Structures are given as C-alpha cells and as structure tokens.
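S.K.: Quick one: structure below, then a few questions.
The values are calculated or read from the model by the stated rules, or taken from the named source; none is laboratory data. Since the model is a prediction, treat every value here as computed from it, not as a measurement. With ideal geometry, Cβ positions are generated from the backbone for all residues, glycine too; neighbour counts draw on all protein chains shown. Just the protein is used for accessible areas: all its heavy atoms, side chains included, with ligands, DNA and RNA removed. Shrake-Rupley method; radii C 1.70, N 1.55, O 1.52, S 1.80 Å.
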Amino acid sequence: MTEMRKISVKVNGKAYEAEAEVRMHLADFLRQKLGLTGTHLGCEHGVCGACTILLDGRTARSCLTLAVQVDGHEIMTIEGIADGDTLHPLQEAFRDNHGLQCGFCTPGMLTTLIELLRDNPDPTEEEVRIGISGNLCRCTGYQGIVAAALDAAKRMRALS
Amino acid sequence: MNSSETAGLVFGQSVKRVEDFDLLTGRARFVDDLKLPGMLEAAVLRSPHGHAAIRGIDKTAALAMPGVHAVLTLEDFRPHLANDRLIVALPSPAWKIDANRPFLAGKETVHVGEPIALVIADSRYIAEDALALIEVDFDPLPAISDCKAALEPGAPKTHLANPNNLVAEFEVAYGDAAAVFASAPHSFKLSLWQHRGGGHSIECRGAVASWNEMEQNLTLWSSTQTPHAGMRMLVDILGLDDGQVRVITPDVGGGFGPKLCFYQEEAAVAAASRMLGRPIKWIEDRREHFTSTTQERDQYWEVELATDGEGHVLGLRGNMIHDHGAWTARGINVAYEASQAVTMPYDIAAYSMKVRVALTNKVPVSPVRGAGQPQGVFVMERLLDKAARTLGIDRAEIRRRNLIPASKMPFTKPMKTRGGIQVLLDSGDYPKCQQAALDKAGWDGFRARQQAALAEGRYIGIGMANFVKGTGRGPFEGATVRIGTSGKIQVHTGAAAMGQSTKTMMAQVVAEQLGADMENITVTAGDTATIGFGMGGYNSRQAVLAGSAAHLASLVVRKKLLAVASEVLEAAVDDLEIVGSDVRVKGVPDMKMGLRDIAKALAGTPGFRLPAGQSPALEATEQPVIDGMAYANGTAVAEVEIDIETGLVEIHHLTLAHDCGRIINPMIVDGQMVGGAAHGVGNALFEWMGYDENAQPITTNYGEYLLISAPEMPPIDLIHQESPTPLNPLGVKGVGECGVVPTAPAIISAIEDALSPFGLSMTRVPITPAEIAAMIEEAQAK
Ligand code: FES
Ligand code: FES
C-alpha cells in the first residue's frame with residue numbers, strides 16, 4: 001500500500017519530479033507534493049468536477065486519476081491559465097460576468113471551458129450548458145458562468 | 001449619503017469584485033491549502049449506527065500503525081477540557097430537553113456519522129487506514145428515523161436518557177383563530193410534507209489548529225461562517241482566555257447555513273493540537289458532509305385556511321412537526337422561522353401554528369439558505385392556491401386581495417421574532433412587486449397558451465409565490481476602517497465572507513466615502529485578531545449590518561481627513577474632495593494632501609500637538625446596533641411543462657421580482673438572486689436527504705443526492721424594486737436568501753396547474769418524476 005514511485009510530469013509548462021505513494025490521487029499529488037493548491041476537491045468521487053485538470057490537453061478528473069498515471073505526461077491547472085498577472089480572456093470574462101462567487105468550483109469550470117472553447121470556438125448557450133454539466137456550482141446558478149463562457153468565446157475569436 | 005440618493009461613485013455600480021483575481025488564478029487560500037511546518041492530519045472515526053451503546057474502544061492496532069501519532073477518544077480528551085459539551089442552543093422558552101452536543105460521543109451514539117474518535121497521523125491516507133483498525137464494541141439500539149413517528153407513544157427514544165423525543169414545543173400565534181374558524185364561511189385544509197436537504201457548499205468543512213507552546217496561544221483556521229462565536233466556544237471548551245484564541249476564516253468555498261454552526265471537529269483538532277504540540281489539519285470529505293454537517297430535512301404540516309366568499313383570508317391555523325435531528329446544533333430557529341414566515345406578506349387577522357420539534361437519530365438540523373422560510377411560504381401559497389381553485393378566483397387575484405397594501409406600510413405584524421423583537425414590515429410595495437412579476441411572466445395571457453398546448457397534448461402550467469423575508473438579523477456587526485501611513489485603507493470586520501462578495505461590498509461602501517479607489521482598499525473579514533467582536537455571516541445580514549458599520553466608520557474617518565486637510569491646505573471643508581489617495585481643493589488639483597500624510601500626522605509626532613484638534617489615529621470602529629430586521633419581499637412566477645408519461649418537469653421560465661432596498665452592486669445582487677433560485681429549483685425537484693427506517697442515510701454521494709447542474713437551470717428574468725429601508729443608513733436589505741425562498745413554492749404551484757386536467761393536489765416538496773408519474777397514473781385509473 002505504501003509503495004512509492006517517482007513521478008516526472010510537466011505542469012503548466014514546468015517540469016516536476018516527486019515521489020508519491022502509488023495510491024495517491026492526482027489532485028493530492030498536485031496539491032500536496034507540488035504545492036499547486038489551485039485545483040480543488042469537492043467530492044472525490046468524480047461528480048462535482050472541481051478537480052478537473054487538462055491531461056495532455058484533455059479534461060480529466062484529478063480525483064479519479066492516480067498520480068502514477070501521469071508520469072511522463074503534461075498537465076495544465078488553473079495556475080497555468082493566466083500569463084503572469086495578465087488574465088486569460090476566459091478569466092477576464094468570468095470576472096466581468098460574475099462567473100464566480102466563492103470560486104471553489106472555478107478551477108474545474110475554467111479548465112473544462114478551455115477545452116470546450118478550443119474544440120468549439122463558437123458554442124451555443126446549450127452547448128456551453130451541456131459542456132459544463134459535469135461541473136457543479138452551488139453559488140451562481142450557472143447563469144454567470146454560461147454568460148462568461150459565451151463572452152469569452154467572442155473575445156477569443158476576436159483575438160485569433 | 002442618505003438613503004434617498006441614487007447610485008454614487010462606486011456605490012450602486014456593478015464594480016468588479018476584489019475577490020476575483022486570486023480565485024481565478026489559483027492563488028486564493030482555502031483552509032485545505034494551508035500547510036504549516038510539522039503539521040499532522042486527522043481523520044474522524046464516525047458512528048456507523050443510527051443508535052447504539054458504545055461498550056468499549058480498542059485502539060491498540062491503530063496506535064501500532066507506523067505514522068499514527070494518536071488515537072483520541074472522549075476519555076482521552078476529557079482531562080484537557082474545561083467543558084466537554086458544545087453549549088450552543090439559542091435561548092428559548094420552548095425547550096423541553098437540553099440536547100447540546102457532547103465533545104465526542106462517549107457511551108452512546110445517536111446518529112450515523114457522529115464523531116467518536118480522532119486519529120492523528122502523518123497524512124490523511126495513514127489516518128484513514130488507522131480508522132479501519134479501531135475496534136469499537138457497539139451494541140445497536142432501536143433508532144427513530146421519521147420525526148412524526150418519533151412523537152408517537154412508544155416510539156424508540158433518540159437518546160436513552162430522555163423521557164421522549166419532544167425536544168421543544170411552541171406556538172406562533174396572534175388574533176383569535178378559534179373564533180375566526182368557528183364562524184368562517186369557507187375553510188380549506190391541507191396536509192403537507194416538506195423536505196430540504198443540506199447546504200452542500202462545494203468546499204466541505206475543514207479546520208487547521210495550531211497551538212503555540214511558546215506563546216501559549218491557539219490559532220484555528222476554519223471554513224466557518226462565525227469565527228467570533230467559534231473563538232468563544234474554544235475559550236469555553238479549552239478553558240483559555242479570550243486573548244489566547246484566534247480564529248481566522250481563510251477563503252471559504254460557500255457556506256449556505258451549515259457552516260454557521262460550531263462543530264466537534266473544530267474543537268477536537270484544537271484540543272489535539274494543544275495536547276500533541278503540533279499543528280493539525282482536518283478536512284471533511286463529501287461523505288462526511290452528508291453524515292455530519294447539519295441539514296434541514298423534514299416538516300409535516302396540518303394546516304387550515306379560513307376565508308370569506310371573495311377569498312379574503314380571515315385566519316390560518318394548524319400544527320407542524322419539525323425534524324430536529326439527534327442534537328441541538330443551533331436552536332429552534334428553522335421551525336420558528338418557518339412558522340413565522342407563513343402569513344408575512346398578507347394582512348391576516350388571526351394565526352395560530354402549534355409546533356412540536358422532534359429528536360430523531362439523524363444529523364442535527366440547522367438553517368440552510370432560507371432557514372425554514374421557504375417552507376413557511378410553501379404552506380401559505382399552497383393554501384391560497386387551494387382556496388382560489390375552490391372559490392373560482394384567479395390565483396393572482398386572491399393574493400392581490402390579501403397582500404398588505406403599500407398604504408399600510410410600515411406594517412406591524414402582531415408577532416415577535418425568535419429573539420423577542422417586534423416584527424415591523426418596514427417598507428415595500430408588495431402588490432406592485434407582484435404585478436411586475438405577473439406582467440413580465442405573461443400571467444394574463446397564460447390560460448390561452450395553456451389551452452392551445454393542451455390541444456396538442458402538452459401539459460404546461462404556471463404558478464406563483466409571494467414572500468417576505470426578514471434580513472439583517474441583529475444585534476450588530478462591527479467594522480474598523482483605518483488609513484495606514486502607507487496611505488492604504490484597511491477594513492476589518494467580524495462579518496464572514498463565504499463567497500457572497502462581502503469584501504467587495506465592504507470596499508464599495510468605504511470607497512464611496514474615501515476616494516472611490518477600490519484598489520486602495522483591503523478588507524479582512526472574519527479574523528478575530530483584527531476586530532474584537534463580530535457575529536458572522538448568516539441570515540442575509542452582511543450588507544445590512546457590516547455594510548452599515550463600514551459606512552459609519554468611513555464617515556468618521558472622512559471627517560478627520562477633511563478636518564486635517566482643511567487646516568493644512570487652509571481651505572474650507574466644503575471646498576475639499578477626496579479623490580483616490582489625496583484630499584484636494586476642488587478645482588485646484590495641485591492643492592492637495594496625501595491620505596498617507598494625514599495618516600502620519602494623526603499617528604503623532606513626539607511632543608507636538610495633533611493637527612486640527614483631532615483625536616489620534618486615522619481610524620474608526622463602528623458597531624451600530626440594529627435590532628429590527630429589514631424585510632425584503634418579492635414574487636416568483638414559474639412556468640413548467642410536464643411529460644405525463646415520465647413525470648419529468650421542465651421549467652420553461654422563472655420570473656423573480658424582488659425588493660432588497662437600495663442596491664450596492666447590481667451584478668452581485670443578480671448573482672445572489674439567481675444562485676438562490678437555483679437552490680430553490682433543487683429543493684423543488686432534486687434534493688432529498690434520504691434515511692431508511694433504521695436511520696441509515698441512503699443518499700451519501702452526488703449520484704444519490706442530486707444537485708442542479710447547468711442544463712436544468714431555466715432562464716430567469718429578474719425585476720428589481722428598490723424601497724430603501726429606514727432601519728439602516730444605507731437603506732439596504734439582505735438579498736442572499738431572497739432567491740431561494742419563493743422558488744420551490746412557485747414551481748410546485750406551476751406543477752399543480754399543469755396537472756389540473758387530472759385534478760391533482762400537490763402537497764409534497766421535493767417531488768420526483770416517478771412520484772408525479774404515479775400520481776397521474778392513479779388519477780387516470782379513477
Ligand atoms: S473532486 Fe473530483 S469530481 Fe469532485
Ligand atoms: S462559485 Fe461557489 S461553487 Fe461555484
């Protein structure tokens with residue numbers, strides 16, 4: 001149970017190497033071993049989506065992924081979305097459209113929407129709602145989040 | 001500023017939130033993000049039984065596990081405690097049984113999830129491994145699950161030592177209901193069952209305690225809504241002085257009520273840290289949230305409405321049984337607020353609600369967003385719908401005939417709050433608010449649409465609900481406003497931020513008076529070291545009380561700033577303005593003095609007089625006492641469509657018209673209303689905290705307990721009315737709970753309307769598709 005493995009992983013463009021028990025899940029690894037506490041745990045059973053990260057560019061639940069599975073892979077977390085202190089258009093849109101209240105679901109919302117907007121730069125409202133249907137938010141009633149996603153899509157299209 | 005003015009420089013504007021940057025970049029600090037040197041982690045051994053005697057606990061195997069530092073039971077803690085119970089019950093003459101919680105369960109456990117022991121280990125992984133090695137000799141006892149059954153003679157007793165399960169009994173009443181019913185031309189009866197689930201903040205609870213042996217003091221970081229109350233609890237339980245305990249709320253990932261209670265785990269990690277001399281972290285997981293964090297759950301109502309032939313309500317009476325859970329974690333407040341909310345918006349001369357509060361072997365009950373008021377509203381609105389239907393009056397019209405008219409405001413309700421304060425509805429135009437909602441929702445044209453839909457075999461319905469919600473519960477909240485010698489403005493408050501934009505609200509109120517630069521202000525909310533007293537966050541009170549305190553403190557600081565600048569710049573106070581970080585002479589921007597210079601001047605120079613005859617320090621603390629509650633009001637209209645084969649309810653549209661007095665930040669108010677409404681949709685259709693007959697919880701994950709997700713959320717129209725309350729200097733009323741209160745009642749009303757071809761009466765909430773389908777089938781079979 002306490003077997004340890006060395007894990008090499010690139011997170012937000014930076015290479016990390018750390019030891020972890022084979023049973024440690026990825027969220028704990030990111031938070032505890034790498035000190036990247038921006039990824040949150042809301043349920044640890046794969047429903048709330050707060051722990052969503054991008055694993056090789058695709059969303060994954062870090063509470064349902066073992067740390068050992070990411071050895072040699074690339075991850076993006078909420079900490080890697082902004083460019084230094086310059087917010088990403090999606091983050092700007094969240095701020096301008098009140099897409100967050102307590103902000104606890106936000107890491108998963110942002111990573112999920114990064115993928116969604118990359119794959120579908122001009123989504124309909126319904127597509128956004130379905131896209132975030134695996135992410136629970138108790139504060140916003142989702143309206144601000146959906147508005148932020150649509151606004152971000154517009155901003156990102158204008159940039160590209 | 002007085003309350004008749006409209007939007008100011010930043011007050012009344014949708015300014016961006018000061019909280020967002022850190023939250024959006026992963027730099028925020030929630031309790032689980034704290035890592036202290038030498039920190040250990042805790043896991044909690046919880047009862048697997050609804051009710052059992054604890055004959056013995058064998059810790060040997062757990063203690064032998066490498067990485068385990070301690071396994072602590074009540075017996076281990078006791079020598080280190082000044083008090084081994086959490087004395088939290090709000091005072092009330094209604095109590096019949098003292099059911100304050102023990103520090104940990106000792107010889108008897110009374111609900112699944114009740115904490116029994118703490119394992120302290122190098123990591124949470126190891127601590128959880130060790131939990132499995134603790135051997136507890138349980139002797140299962142009969143458990144009582146349902147609160148109605150709990151009051152039947154011969155019911156199993158929640159606690160062996162109690163005479164029965166009746167923990168409290170009271171009546172909320174005014175006028176002569178018996179006389180009214182004796183002569184009323186019409187009366188309408190209903191039996192209702194209502195259930196609300198838990199708070200389910202996406203961040204669970206958690207606490208980190210650190211005892212400092214050198215300084216003999218304790219710091220507790222807790223994801224709580226009430227840091228000052230927590231501090232006092234720790235003083236009481238650990239036998240420390242007030243100055244030895246500091247409670248800090250880091251960023252909090254949602255509260256919604258349950259986090260206002262003080263919990264055993266907070267006390268236990270604090271005591272354990274002192275015993276072991278190491279910082280200790282405990283983070284609740286979601287299963288623990290289901291079995292140990294307070295919930296609202298069941299109420300059974302038997303109610304009756306008396307009217308004349310035109311639907312004027314003459315009186316309302318009934319009785320209610322309320323599920324209290326196994327312990328008192330707060331008070332009788334959920335049951336009291338529910339009973340008091342029933343008649344609130346209406347001019348009804350006689351009312352009597354007899355309430356019995358029952359102990360059950362389940363998680364303790366305390367307020368969840370709305371605190372019983374959605375249930376009270378449901379009762380009133382169900383009765384009005386029934387009366388309207390029977391008397392052949394439009395449902396909006398029967399309400400119009402009974403709403404308190406604006407001409408009668410302020411209106412004294414012959415009731416007292418649970419704290420003994422007279423209920424005085426301070427302001428608002430209820431009929432106008434209702435009309436605004438109806439117009440927006442297309443109420444008048446709906447019958448034609450419904451007929452057309454029915455002709456196509458589609459079942460659509462419309463429903464409505466009015467509410468009046470007491471907000472800003474007193475007695476006070478405090479705020480300190482200080483301009484430091486750096487020129488930065490610091491604001492400290494005992495109000496607790498849990499995601500509802502408290503820091504932005506406070507900064508806006510202060511910025512309005514002190515330079516209008518949001519960037520120049522930092523707000524600390526909920527750190528007992530920065531302000532001596534505070535009540536915390538609950539009951540939609542932050543803007544009302546903490547906002548008022550910040551406003552008053554800013555005015556004092558402003559006056560000092562202007563007095564000093566007036567002397568130095570040799571200009572009359574009226575000719576000065578505060579812009580950004582300076583006080584300037586209007587029209588002569590070069591004649592100015594920095595806030596920092598004034599702060600330095602008022603910090604004093606040895607042997608010299610303070611400028612302008614001012615008292616020391618550019619700071620002020622205000623703690624305005626506001627006992628009367630500010631009553632917000634509103635109307636919800638819901639439109640639904642039901643698939644009669646599956647019972648599936650689709651909400652086409654929600655309209656919410658409301659009045660929360662003056663609005664400080666429209667964007668935030670909208671967010672609170674929509675978020676509350678989402679919770680209300682969940683209460684109507686999804687959220688059910690289930691227990692079986694042995695009081696075993698049967699919904700302990702998000703597969704079994706459903707929270708609303710984005711696709712189910714209907715489009716919402718919001719309508720704001722602003723009737724400033726005279727009760728506070730800002731004219732604001734609370735808004736945090738206003739979205740939730742009328743939403744489920746309006747949805748259930750709409751469902752009943754949609755199913756009117758089947759003549760069904762909706763008397764339960766929440767209601768599932770399967771239940772609706774079964775009701776339709778039964779009706780069709782007749
Ligand atoms: S924490 Fe991973 S889905 Fe909830
Ligand atoms: S903002 Fe609080 S859970 Fe989404």
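S.K.: If you take every residue apart from B:Val579 with its C-beta less than 14 Å away from the C-beta of B:Val579, what net charge results, scoring Lys and Arg +1 and Asp and Glu -1?
M.R.: Charge balance in the 14 Å sphere: -3.
S.K.: Determine the residues within the stretch A:78-107 where the difference in accessible area between the chain on its own and the full set of protein chains amounts to at least 20 Å²; count protein heavy atoms only and use a 1.4 Å probe.
M.R.: Going by heavy-atom accessible area, the residues of the stretch A:78-107 that drop by at least 20 Å² are A:Ile78, A:Glu79, A:Asp85, A:Leu87, A:Gln91, A:Arg95, A:Asp96, A:His98, A:Leu100, A:Gln101, A:Cys102, A:Phe104.
S.K.: Please sort by residue number the trypsin sites (Lys or Arg not before Pro) in the stretch B:405-472 whose DSSP state is loop and whose Cβ has at most 16 other Cβ atoms within 10 Å.
M.R.: Counting only loop positions with at most 16 other Cβ atoms within 10 Å, the trypsin sites (Lys or Arg not before Pro) in the stretch B:405-472 are B:Arg458.
S.K.: Another question about this same structure. Just to confirm my numbers, what's the Cα centroid distance between the stretch B:39-108 and the stretch B:253-320 in Å?
M.R.: Computed from Cα coordinates, the inter-centre distance equals 20 Å.
S.K.: Which whole DSSP H helices in chain B pass both tests: a Cα extent of 15 Å or more along the axis and a mean Kyte-Doolittle value no lower than -0.5? Mind showing how you got there, number by number?
M.R.: Details: long enough: B:227-238 (16 Å, 0.72); B:264-276 (18 Å, 0.24); B:373-391 (27 Å, -0.08); B:430-441 (17 Å, -0.79); B:502-513 (18 Å, 0.00); B:548-569 (31 Å, 1.06); B:666-685 (28 Å, 0.64); B:740-754 (22 Å, 1.16); B:769-781 (18 Å, 0.33).
Once both thresholds are applied, what remains is B:227-238, B:264-276, B:373-391, B:502-513, B:548-569, B:666-685, B:740-754, B:769-781.
S.K.: With a 1.4 Å probe on protein heavy atoms only, work out how much accessible surface B and A bury together, total over both chains, in Å² to the nearest 100.
M.R.: Using a 1.4 Å probe on protein heavy atoms, the buried area is about 4200 Å².
S.K.: Report the one residue of B:Ala599, B:Asn100, B:Val523 whose Cα lies farthest in the direction of the positive end of the charge dipole of the protein assembly as shown (charges on C-beta: Lys and Arg +1, Asp and Glu -1; origin at the Cα centre).
M.R.: It is B:Ala599.
S.K.: A further question follows. If you take the beta carbon distance between B:Ala406 and B:Leu36 as r and set R0 to 41 Å, what does 1/(1 + (r/R0)^6) give as a FRET efficiency, to the nearest 0.05?
M.R.: For B:Ala406 and B:Leu36, the calculated efficiency is 0.15.
S.K.: Another question about this same structure. Determine the share of the protein assembly as shown's accessible area contributed by carbon and sulfur atoms, expressed in whole percent, with a 1.4 angstrom probe.
M.R.: Carbon and sulfur: 51 percent of the exposed surface of the protein assembly as shown.
S.K.: Heavy-atom accessible surface, probe 1.4 Å, ligands and DNA/RNA ignored: which residues of the stretch B:246-294 lose at least 30 Å² versus the isolated chain?
M.R.: At a threshold of 30 Å² (probe 1.4 Å), the residues of the stretch B:246-294 that become less exposed are B:Phe256, B:Arg286.
S.K.: Take every Cα pair under 8 Å in the stretch A:4-80 that's 6+ residues apart, average their separations, divide by the length, and report that relative contact order as a whole percent.
M.R.: Dividing the mean separation by the residue count of the stretch A:4-80 yields 39 percent.
S.K.: For the stretch B:17-35, state which residues have at least 20 Å² less accessible area in the presence of all protein chains than in their chain by itself, taking the probe as 1.4 Å and leaving out ligands, DNA and RNA.
M.R.: SASA drop of 20 Å² or more in the stretch B:17-35: B:Arg17, B:Asp20, B:Phe21, B:Leu23, B:Leu24, B:Thr25, B:Gly26, B:Arg27, B:Phe30, B:Asp32, B:Asp33, B:Lys35.
S.K.: Between B:Glu397 and B:Phe758, how high is the FRET efficiency from 1/(1 + (r/R0)^6) when r is the Cβ-Cβ distance and R₀ = 25 Å? Nearest 0.05.
M.R.: The value I calculate is 0.55.
S.K.: Would you work out the charge dipole size for the stretch A:1-124 about its Cα centre, treating the Cβ of every Lys and Arg as +1 and the Cβ of every Asp and Glu as -1, and quote it to the nearest 20 debye?
M.R.: Details: 11 positive and 17 negative charges, 52 e Å.
So the magnitude is around 260 debye.
S.K.: Okay, moving on. How far is the Cα center of the stretch B:189-233 from the Cα center of the stretch B:334-381, in Å?
M.R.: 24 Å
S.K.: Shifting gears a bit: I want the antiparallel fraction of DSSP beta bridges within chain B, as a percent rounded to 5.
M.R.: Percentage antiparallel, nearest 5: 75.
S.K.: Using 0.36 nm per residue of separation minus the Cα-Cα distance, give me the extension gain between B:Phe533 and B:Asp590 in nm, one decimal.
M.R.: 16.4 nm
S.K.: Now for a different question. Over 22 Å between Cα atoms, which of B:Lys157/B:Lys362; A:Lys33/B:Lys35; A:Lys33/B:Lys503 qualify?
M.R.: A:Lys33/B:Lys503
S.K.: In Å², what does the accessible area per residue of the stretch B:423-498 work out to with a 1.4 Å probe?
M.R.: Heavy-atom SASA per residue in the stretch B:423-498 reads 32 Å².
S.K.: Determine which lysines satisfy two conditions relative to B:Lys189: a Cα distance under 23 Å, and not lying fewer than 8 residues away in the same chain.
M.R.: Those lysines meeting the cut-off are B:Lys148, B:Lys354, B:Lys386, B:Lys782.
S.K.: On to the next question. Going by Cα centres, the stretch A:128-150 and the stretch B:492-519 are how many Å apart?
M.R.: Using only Cα atoms to place each centre, the spacing works out to 26 Å.
S.K.: What is the extension gain from B:Arg609 to B:Arg29, computed as 0.36 nm multiplied by their sequence separation minus the C-alpha to C-alpha distance, in nm to one decimal?
M.R.: 204.5 nm
S.K.: Ranked from highest to lowest mean number of other Cβ atoms within 10 Å per residue, what is the order of the peptides A:61-67, B:205-211?
M.R.: On the way: A:61-67: 22.3, B:205-211: 26.0.
By packing density, highest mean first, the sequence is B:205-211, A:61-67.
S.K.: Suppose a student asked you for the relative contact order of chain B, using Cα pairs under 8 Å spaced at least 6 residues apart; what percent would you report? Intermediate values should be presented prior to the final figure.
M.R.: Numbers: 2003 pairs, mean separation 121.8, N = 782.
Relative contact order comes out at 16 percent.
S.K.: Along the Cα→Cβ direction, 7 angstrom out, place labels at B:His80 and B:Ile421. What is the inter-label distance in nm?
M.R.: According to this spin-label approximation, the distance is 3.9 nm.
S.K.: Which lysines have a Cα less than 17 Å from the Cα of B:Lys600, not counting those fewer than 8 places away in the same chain?
M.R.: B:Lys488, B:Lys559, B:Lys560, B:Lys592
S.K.: With each label point set 7 Å from Cα along the Cα-Cβ vector, what nm distance links B:Glu567 and B:Ser14?
M.R.: Here the modelled spin labels are 4.5 nm apart.
S.K.: Also, quick follow-up: At a 10 angstrom cut-off on C-beta neighbours, averaged per residue, how do the peptides B:499-512, B:229-242, B:314-327, A:77-90 rank from highest to lowest?
M.R.: Packing proxy ranking, top to bottom: B:499-512, B:314-327, B:229-242, A:77-90.
S.K.: Can you tell me which of B:185-198, B:254-267 comes out highest on packing, and rank the rest after it, using the mean Cβ neighbours within 10 Å?
M.R.: Most protected by this proxy first, the peptides run B:254-267, B:185-198.
S.K.: Provide the gained length on full extension for the span B:Ser123 to B:Ala617, in nm with one decimal, where the gain is 0.36 nm per separating residue minus the Cα-Cα distance.
M.R.: Roughly 173.2 nm would be gained on extension.
S.K.: Once you charge only the Cβ atoms, +1 for Lys and Arg and -1 for Asp and Glu, what is the size of the charge dipole of the protein assembly as shown about its Cα centre, to the nearest 20 debye? Can you show the working numbers first?
M.R.: Values: 85 positive and 112 negative charges, 304 e Å.
So the magnitude is around 1460 debye.
S.K.: Just name one of A:Pro121, A:Ala153, A:Leu136: the one whose Cα is farthest towards the positive end of the charge dipole of the stretch A:89-159 (beta-carbon charges, Lys/Arg +1, Asp/Glu -1).
M.R.: The one lying farthest along the dipole's positive direction is A:Leu136.
S.K.: Now a separate question. Can you tell me the FRET efficiency between B:Tyr174 and B:Thr390 if r is taken as the Cβ-Cβ distance and R0 is 25 Å, rounded to the nearest 0.05? The partial results should precede the final answer.
M.R.: Details: r = 26 Å, r/R0 = 1.03.
The calculated FRET efficiency here is 0.45.
S.K.: Extending each Cα 7 Å along its Cβ direction at B:Ala770 and B:Arg458, get the distance between those two points in nm, one decimal.
M.R.: 2.9 nm
S.K.: Relative contact order for chain A: what percent, with Cα pairs under 8 Å and sequence separation of 6 or more?
M.R.: About 23 percent, as a whole number.
S.K.: Let me have the 222 nm mean residue ellipticity of the protein assembly as shown computed from DSSP H runs of 4+ only, each contributing -39500 (n - 2.57), with the sum over all residues rounded to the nearest 500.
M.R.: Computed ellipticity for the protein assembly as shown at 222 nm equals -8500 deg cm²/dmol.
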